[in-house]
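Colleague: Sharing a structure with you now.
Since every read-out is calculated from the coordinates, none of them should be taken as a lab result. Computed from a predicted model, the values in this text were never measured in an experiment. All Cβ positions, glycine included, derive from the backbone under ideal geometry; neighbour counts span all protein chains shown.
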C-alpha cells in the first residue's frame, strides 16, 4: 500500500480535526499597526479558545509573515490586507496556495467591504472589519474559519 506524505498539510489537518476548544492553537497576526497587533493578541489571550500551549506570533510585514509561515505551521492567519510590502489579495492567494491548511481571516478598514468579499473568493475563510468586532466575535470567527478550512481540505 502506497503512503503519501504532505507534511505541513497533514500536520495541521490532523490537528484541525480536533475540537478547537481543547487543542493547542497557533495563530499568526499580521498587521503593520502595532496597536492593532497588540489588541488582537490581547483579545486572543482572553479568548475561550486560548490554551496554555497556544502559540501566537505578531509581525508587521509580508516578508516577516512569509518567514514565519516557512518556519512554523499555523492554524490561523489574521491578515491585514494593507501592508507596506504586500498587496492584500495577492497575499491571500499566495498563502492559500503555499499553506493550504492555514485558515485565513482578513482584517480590513471600515470602507472596504468589496475587498473583504473578494478576499474570500481568493481563499480567505472569513473577514473582520477593524473597529466592528469584539473578543467574542473574533473567537467565533476563528472557530468557524477552522471548521471551513477543515471541511475544504
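Colleague: Under 8 Å for C-alpha pairs, at least 6 residues apart: give me the relative contact order for region 104-153, rounded to a whole percent. Please report the intermediate quantities before stating the final value.
Modeller: Working: 44 pairs, mean separation 20.0, N = 50.
The normalised contact order for region 104-153 reaches 40 percent.
Colleague: How far apart, in nm, are two points set 7 Å out from the Cα along the Cα-to-Cβ line at residue 132 and at residue 24?
Modeller: So the label points at residue 132 and residue 24 sit 3.6 nm apart.
Colleague: Multiply the residue gap between residue 98 and residue 114 by 0.36 nm, knock off their C-alpha separation, and tell me the result in nm, one decimal place.
Modeller: Value of the extension gain: 3.3 nm.
Colleague: State, to one decimal in nm, how far the label point of residue 33 lies from the label point of residue 53, with both points 7 Å from Cα in the Cβ direction.
Modeller: According to this spin-label approximation, the distance is 3.5 nm.
Colleague: May I have the extent of the alpha carbons of region 40-110 along their three principal axes, as whole Å values ordered from largest to smallest?
Modeller: Its Cα atoms span 33, 30, 17 Å along the three principal axes.
Colleague: With the contact rule set at Cα under 8 Å and sequence spacing of 6 or more, what percent relative contact order holds for region 23-152?
Modeller: It rounds to 25 percent for region 23-152.
Colleague: As a footprinting exposure proxy, order 82, 152 by other Cβ within 10 Å, with the fewest listed first. Don't jump to the answer; show the numbers that get you there.
Modeller: On the way: 82 15, 152 12.
Fewest-to-most Cβ neighbours within 10 Å comes out as 152, 82.
Colleague: Moving to a separate point now. Between rounded, prolate and oblate, where does region 23-152 land on the alpha carbon gyration tensor, with a ≥ b ≥ c its root eigenvalues, rounded for a/c under 1.5, else prolate if a/b exceeds b/c?
Modeller: Rounded, because the longest to shortest axis ratio a/c is under 1.5.
Colleague: Let me ask something else about it. From the Cα gyration tensor of region 113-153, with a ≥ b ≥ c the square roots of its eigenvalues, which class applies: rounded if a/c is under 1.5, or else prolate if a/b is larger than b/c, or else oblate?
Modeller: On the way: a/c = 4.59, a/b = 1.12, b/c = 4.09.
Oblate is the answer for region 113-153, as a/c is 1.5 or above yet b/c matches or exceeds a/b.
Colleague: What is the fewest-to-most order of 118, 108, 102 by other Cβ atoms lying within 10 Å of their Cβ?
Modeller: Working: 118 17, 108 20, 102 24.
Going from sparsest to densest Cβ surroundings: 118, 108, 102.
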